[in-house]
Amino acid sequence: MNYKIKLWGQLKQKAGKEFIHMESIEELNIQDIVLRICEMEPSLSEVLLKSSSSIHPSILIFVNDNQYEHDKQSPIKKSDPITFMSPIAGG
């Protein structure tokens, strides 16, 4: 399966790209996807993860344009659009 993850804000800036692509033999859940992204792009770990394996609560995740609840473990299909947004603040 091929997954395409769109990055916004600080995540896009840190990764230096707008999209991350990954392949998997099996369907992954969001936790699996986040951990794989951190392996592929270590600079994103400090923003995506609160601890070594839990997703930072300030990260907004959208699957099929619906906000994803961090405690869900349901698998994500390869056709599901996935977007990660870091907190945005300004003055």
Quiz item: So how many residues does the stretch 33-58 have that are touching a residue at least 12 places away in the same chain (Cβ under 8 Å) and not polar (S, T, N, Q)?
Solution: 13
Quiz prompt | Some residue of the stretch 47-55 being touching a strand residue (DSSP E or B) at 6+ places or on another chain (Cβ under 7 Å) and surrounded by fewer than 17 Cβ atoms within 10 Å (Cβ to Cβ) | solution = no
Quiz item: Which one of Ser54, Ser86, Ser58, Ser74 is modelled with pLDDT under 90, closer than 17 Å to Ala15 by Cα and among the polar types (S, T, N, Q)?
Solution: Ser86
Exercise. Write out, first by first residue and then by second, each pair whose Cβ atoms fall under 9 Å of each other, whose residues are 6+ apart or on separate chains, and whose first residue, in the stretch 59-75, is among the aromatic types (Phe, Trp, Tyr) while the second is surrounded by fewer than 10 Cβ atoms within 10 Å (Cβ to Cβ).
Key: none
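The values are calculated or read from the model by the stated rules, or taken from the named source; none is laboratory data. Just so we're clear, the structure is a prediction, and the values are computed from it rather than from any experiment. Virtual Cβ from ideal backbone geometry, glycine too; neighbours counted across all protein chains shown.
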